[in-house]
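The values are calculated or read from the model by the stated rules, or taken from the named source; none is laboratory data. Since the model is a prediction, treat every value here as computed from it, not as a measurement. Don't worry about glycine lacking a Cβ; one is built from the backbone with ideal geometry, like all the others, and counts go over all protein chains shown.
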Amino acid sequence: MPQDIELESVVRKRIRGLRLARGWSLDTLAARCFLSPSTLSRIETGHRRIALDQLVLIARALDTTLDQLVEPIDDDDVIIRPEPQHAPGLTTWLLSREPSSRGMTVAKMRITPERPAGAEHVQVHPGREWFTVLSGTVSLQLGDRVVLVGEGDAAEFSTMVPHVIGAHDGPVEILTIFDHDGERAHMHTTAVGPEH
């Protein structure tokens, strides 16, 4: 029972937080979900139980889902303990959950000069890729040109351009974000061979 009360309190806070994030008054949200402002106020403050039909209307008005509003709180979803995946000259740590809930995958990569970088390792796929250099200097091949990206700098590029990320003059560590297409092209083949 205490767990139900705690979840109900979280749902109320989520409703209020989403309303305020959109800059809406009680009147605005109430009109969008066909409730009176006083009913909505009592729901937010805990002076009224939330009926399922009201919750469905509120979720729809807030452009969210019922599942997202009532999702339980679980500390297990906070900590990610990445396991390294190895390929020649490349170690990758996945820093976001699988599958990515927002279509984005975050990873840390350590690239050494031993990573193969010939024409047979060039990748092209739909989407965009972003990375920031944590240490070392990246050699980013984009088509026919090579761009050196130093420690503390970041790069973003269309992955429709043939590309290879390598290490320049020693090991490099990067933090990278792939969209869905990049994640599929890069992360699912890391353990079996180089993919950039």
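Miscellaneous remarks
- Options 32, 42: the member that is farther than 30 Å from residue 128 by Cβ, free of Cβ contacts under 8 Å to residues at least 24 places away in the same chain and surrounded by 14 or more Cβ atoms within 10 Å (Cβ to Cβ): 42
For every residue, the table says whether it meets (1) closer than 20 Å to residue 105 by Cα; (2) exposed (fewer than 13 other Cβ atoms within 10 Å of the Cβ); (3) at pLDDT below 95.
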residue: 160; (1), (2), (3): yes, yes, yes
residue: 168; (1), (2), (3): no, no, yes
residue: 173; (1), (2), (3): yes, no, no
residue: 178; (1), (2), (3): yes, no, yes
residue: 184; (1), (2), (3): yes, no, yes
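- Boolean, residue 98 is exposed (fewer than 12 other Cβ atoms within 10 Å of the Cβ), over 30 Å from residue 7 (Cβ atoms) and at pLDDT below 90: no
- Residue match in segment 145-154 (condition: surrounded by fewer than 16 Cβ atoms within 10 Å (Cβ to Cβ), touching a residue at least 24 places away in the same chain (Cβ under 8 Å) and under 19 Å from the mean Cα position of the chain (by Cα)): yes
- Of the residues making up segment 33-79, those that are in a loop (DSSP other than H, G, I, E, B) and either farther than 30 Å from residue 97 by Cβ or aromatic (Phe, Trp, Tyr) (or both) number 8.
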